[in-house]
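> Sharing a structure, written as structure tokens. Questions coming.
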Amino acid sequence: QVQLVESGGGLVQAGGSLRLSCAASVPIFGRYNIGWFRQTPGKEREFVAAISGGAINYDDSVKGRFTISRDNAKNTVYLQMNSLKPEDTAVYYCAADRWGKILTTPNEYDYWGQGTQVTVSS
């Protein structure tokens, strides 16, 4: 099992940046893919980005603005979010899936963090 803790959310103006962190309780490289998802009230949780070994996948809505990266020594995955838009406002969750092919549907992920709120004002 793995426990995940997100941090780094907050309030930012449109065009600004935030960096989210997802700290895992165990080493993740070679064991878990890590994905970022987001959810707004009344909507389903949606895929944002994910990282495996040498593979990275982004949703089209964040390509060119968000960057996912991993620090293996810290067992931490980051989501650098630039050029934020009001429509990026959501609770952001990180999740862990078994190492391998990157999956983009929430129900494929076994472990979840508690979420961190990101609010982008216009």
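The values are calculated or read from the model by the stated rules, or taken from the named source; none is laboratory data. Just so we're clear, the structure is a prediction, and the values are computed from it rather than from any experiment. No Cβ is skipped: glycine too gets one built from the backbone with ideal geometry, and neighbour counts run over all protein chains shown. Surface areas here come from the heavy atoms of the whole protein model, side chains and all, with no ligands, DNA or RNA. Shrake-Rupley method; radii C 1.70, N 1.55, O 1.52, S 1.80 Å.
> For residue 92, what accessible surface area do you get with a 1.4 Å probe? Give it in Å², rounded to 10.
Rounded to the nearest 10, that gives 0 Å².
> Mind checking the per residue accessible area of the chain for me, 1.4 Å probe, whole number of Å²?
Computed with neighbouring chains in place, this is 51 Å² per residue.
> How far is the Cα center of segment 54-122 from the Cα center of segment 1-50, in Å?
4
> Given labels modelled 7 Å from the Cα in the Cβ direction, how far is it in nm from residue 107 to residue 65?
2.9
> Related question: Lysines within cross-link reach of residue 85: Cα-Cα under 23 Å, excluding same-chain residues under 8 positions apart?
Output for residue 85: 43, 63.
> Given an 8 Å cut-off on Cα distances and at least 6 residues of separation, report the relative contact order of the chain as a percent.
Contact order relative to length: 37 percent.
> Using a cut-off of under 16 Å, list every residue of segment 28-48 whose amide N is near the label point 7 Å from the Cα of residue 98 along the Cα-to-beta-carbon line.
30-34
> Classify the chain as rounded, prolate or oblate, taking a ≥ b ≥ c as the square roots of the eigenvalues of its Cα gyration tensor: rounded when a/c is under 1.5, otherwise prolate if a/b is larger than b/c and oblate if not.
Taking the square roots of the gyration eigenvalues as a ≥ b ≥ c, the chain is prolate.
> Label-point separation (nm) for residue 19 and residue 1, each offset 7 Å from Cα along Cα-to-Cβ?
Taking the two extended label points, one gets 3.1 nm.
> Within segment 1-98, list the GluC sites (Glu not before Pro) lying in a DSSP loop whose Cβ has at most 15 other Cβ atoms in a 10 Å radius.
Those that pass, being in a loop and sparsely packed, are 44.
> In a Gaussian network model over the chain where Cα atoms closer than 10 Å are linked, find which of 76, 105, 67 has the largest mean-square fluctuation.
105
> Once amide H atoms are placed 1.01 Å from N in the peptide plane, what residues at a sequence separation of 5 or more from residue 89, or on another chain, have their amide H within under 5 Å of its amide H?
Distant-sequence amide H within range of residue 89: 120.
> OK, next. In debye, nearest 20, what is the charge dipole magnitude of segment 12-122 about its Cα centre with +1 on Lys and Arg Cβ and -1 on Asp and Glu Cβ, if you could check?
Approximately 240 debye in magnitude.
> Over the chain, what percent of the accessible surface lies on carbon and sulfur atoms, probe 1.4 Å?
Accessible surface attributable to carbon and sulfur in the chain totals 46 percent.
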